[in-house]
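Just below is one structure, and these are the notes that go with it.
The values are calculated or read from the model by the stated rules, or taken from the named source; none is laboratory data. Only a predicted model underlies this, so the values are computations on that prediction, with no experimental measurement involved. Here the Cβ positions follow ideal geometry from the backbone for every residue, glycine too, while neighbour counts run over all protein chains shown.
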Amino acid sequence: MSIAFLTRLPAEAAQAWLAALRAALPEDDILAGLAAGAEIAVVAAPAPGELAKLPKLGFIQSAWAGVDGLLSDPLFPREIPLARLIDPSLAGQMAEAVAAHVLALHRRAPAYRAQQAQALWRQLPQVSAHQRQVGLLGFGEMARASATMLEKLGFQVSAWSRSHGDLASLLAASDIVVNLLPLTSRTNGVLGQETFARMKPGAAIINVGRGGHLVEADLIAALDEGQISHAVLDVFEPEPLPAGHPFWSHPAVTVLPHVAAITDPVSASQRIAANIARFRAGEEIEGLVSRETGY
């Protein structure tokens, strides 16, 4: 059976994906582009409208954990089952990134970097990890892995999702807020003035969700007013972050180029192959996206 691989990745990255998929699915023809007659599509940021050009399509497997880009395509065939990638290696990477950023904020790395620029030698007060409250927005696979790692480091951790916890209480109590929500119509712009106003004065924020979660002007205002002490930003809208963007030079912003959790084609292809086998066997599909919630 032919499987279409649709992507706008650079040629080298696309070839790496094709090689990994062919190794994981040796009995299938993995074809790049609009393969005539393809009943399954594996997608990594395909061009808008491409999936609608495959009339025999019966299953779509995303190569990414997030599917907001796919669902924003007005021509996306919403009647066809769509699965997001669930890969434990991604959750592990995200947990490492969240822990690293939380520790850097906890140990006052931004303040010490500012002192270094001034050649200033001054020890700052330091609380212990168990006195620091970390609030997670979202409680999916990546957030749960992050919570486990943070708790092992001694932090107090709470979480909120659409069906879990109280958002107002979490924001008011947290010293560091970490966004790990999926991007949907309900969560678009969730990191805005209303959320920042509810946060503990001087708290910090880490966004490793999506750029669309953040209202950039509201964040800059909250930083300049001191309501938010520091922001670690790994995701943006658009990406790459434009060269003249104020985040690059803002003293209270750490910019990272979307590196919190990078999909490994080999590991992901093995998970994708297992999910395709489930689809063909009529078994429950891992990561099946709900059309109601968008994740």
note = If we keep only residues of the stretch 247-295 that are over 22 Å from the mean Cα position of the chain (by Cα) and surrounded by 11 or more Cβ atoms within 10 Å (Cβ to Cβ), then the residue farthest from residue 97 (Cα to Cα) is 280
ask   = List, please: which pairs have Cβ atoms under 6 Å, are six or more places apart or on different chains, and start with a residue in the stretch 257-286 that is in a helix (DSSP H, G or I) and end with one that is among the acidic types (Asp, Glu)?
value = 267/87; 268/87; 271/87; 275/286
request  = Give just the number: which of (1) surrounded by 13 or more Cβ atoms within 10 Å (Cβ to Cβ); (2) over 27 Å from the mean Cα position of the chain (by Cα) does residue 157 not satisfy?
outcome  = (2)
key: Qualifying residue in the stretch 83-99 (condition: of a type in the set (Gly, Ala, Ser), touching a strand residue (DSSP E or B) at 6+ places or on another chain (Cβ under 8 Å) and farther than 18 Å from residue 235 by Cα)   = yes
message = Only one of 129, 109, 117 is of a type in the set (A, V, I, L, M, F, W, C), surrounded by fewer than 14 Cβ atoms within 10 Å (Cβ to Cβ), over 17 Å from residue 209 (Cβ atoms) and modelled with pLDDT of 95 or more. Can you tell me which?
response = 117
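Just to confirm my filter: which helices (runs of 4 or more DSSP H) fall fully inside the stretch 4-113 and include at least 1 residues that are of a type in the set (S, T, N, Q)?
Per the criteria, 11-24, 88-106.
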message = If I go through the stretch 132-188 residue by residue, how many of them are outside any loop (DSSP other than H, G, I, E, B), out of contact with any helix residue (DSSP H, G or I) (no Cβ under 6 Å at 6 or more places or on another chain) and hydroxyl-bearing (Ser, Thr, Tyr)?
response = 3
